[in-house]
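Working notes, beginning with the structure itself.
The values are calculated or read from the model by the stated rules, or taken from the named source; none is laboratory data. Computed from a predicted structure; not experimentally measured. Every residue, glycine among them, receives a Cβ derived from its backbone with ideal geometry; neighbour counts consider all protein chains shown. Just so you know, the surface numbers come from the protein's heavy atoms only, side chains and all, with ligands and any DNA or RNA stripped out. Shrake-Rupley method; radii C 1.70, N 1.55, O 1.52, S 1.80 Å.
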Amino acid sequence: WKTYLGRPETDKYRFAALGTLGNALRFGAGRSEEALPVLEANLALLRRYWSDDEQVILAAQHNIANCLEDVGRCDEALVLLREVYARRVATLGVSHERTILCGSNLVASMLSLKLWDEAKSLGRDHLLPVARQSLGADHDETLKINYRLAAALADNPERTRDDLLE
């Protein structure tokens, strides 16, 4: 990061180094609290200088949402993930792999907040059929959605016998 710090804000290497630093803090060092302001600064740069690349901005927002979850700010993460998922659907369509991945993360976020019915609805009615068709039944993300749907059904304290049989 220090190598690129002196470069102009519009320099693509500086922007890439900032994102890499944020991800390294979050994933490599397990320091999500420190990663969050770095990822937010990266998003601010993207919005300022690369606002025409919506997919890159959505990826940065998705990263921030995941980091918010890491630090226990799950309500904020859910709001951001809903926005990102809606934009992915609008720009890429429901069957795009990035949209499905984002939807799967949204289901996981709903589960962490015990929003069982919403997680079940999104997973079963929207994501799973599309993931099976677009990615295949054995794709890693399809299997994750299956797992998350099972959790939404089984972990719900108000589950029914039919839920468990599903």
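Output the number of residues of the range 44-82 satisfying the condition of being open to solvent by less than 30 Å² (accessible area, probe 1.4 Å) and closer than 19 Å to residue 20 by Cα. Qualifying residue count, the range 44-82: 11. Within the range 59-74, residues that are over 14 Å from residue 111 (Cα atoms) sit with their Cβ atoms under 8 Å from residues that are surrounded by fewer than 18 Cβ atoms within 10 Å (Cβ to Cβ) and among the polar types (S, T, N, Q), at 6+ positions apart or across chains, in these pairs: 63/23. A single entry from 127, 111 fulfils the requirement of being surrounded by 14 or more Cβ atoms within 10 Å (Cβ to Cβ), under 28 Å from residue 37 (Cα atoms), among the hydrophobic types (A, V, I, L, M, F, W, C) and modelled with pLDDT of 95 or more: 111. On the basis of being out of contact with any Cys (no Cβ under 6 Å at 6 or more places or on another chain), more than 24 Å from residue 38 (Cα to Cα), without any contact (Cβ under 8 Å) to a residue 12 or more places away in the chain and not aliphatic (A, V, I, L, M), does residue 118 make the cut? Here the answer is yes, as residue 118 does meet what is asked. Would you mind stating whether residue 105 is surrounded by 15 or more Cβ atoms within 10 Å (Cβ to Cβ) and within 30 Å of residue 160 (Cβ to Cβ)? Against the criterion (surrounded by 15 or more Cβ atoms within 10 Å (Cβ to Cβ) and within 30 Å of residue 160 (Cβ to Cβ)), residue 105 qualifies. When residue 88 is tested against (1) at pLDDT below 90; (2) of a type in the set (Lys, Arg); (3) closer than 22 Å to residue 146 by Cα, only condition (1) is not met. Restricted to the range 140-156, and to residues that are over 17 Å from residue 125 (Cβ atoms) and of a type in the set (A, V, I, L, M), which residue is least open to solvent (accessible area, probe 1.4 Å)? The residue in question is 154. Of all residues in the range 1-55, exactly one satisfies the criterion of being part of a loop (DSSP other than H, G, I, E, B), touching a residue at least 24 places away in the same chain (Cβ under 8 Å) and closer than 21 Å to residue 80 by Cβ, namely 50. When restricted to residues that are open to solvent by 60 Å² or more (accessible area, probe 1.4 Å), assigned to a helix (DSSP H, G or I) and either out of contact with any Leu (no Cβ under 9 Å at 6 or more places or on another chain) or aliphatic (A, V, I, L, M) (or both), the range 88-102 contains 2. Over 18 Å from residue 23 (Cα atoms) and out of contact with any Leu (no Cβ under 9 Å at 6 or more places or on another chain), is that true of residue 85? It is false that residue 85 is over 18 Å from residue 23 (Cα atoms) and out of contact with any Leu (no Cβ under 9 Å at 6 or more places or on another chain).
Restricting 17, 35, 24 to residues that are over 20 Å from the mean Cα position of the chain (by Cα), of a type outside the set (Phe, Trp, Tyr) and under 23 Å from residue 68 (Cα atoms) narrows the list to 17.
Of all residue pairs spaced 6 or more apart or on separate chains, none has beta-carbon atoms under 7 Å together with a first member in the range 134-153 that is closer than 11 Å to residue 108 by Cβ and a second member that is hydroxyl-bearing (Ser, Thr, Tyr) and open to solvent by 20 Å² or more (accessible area, probe 1.4 Å).
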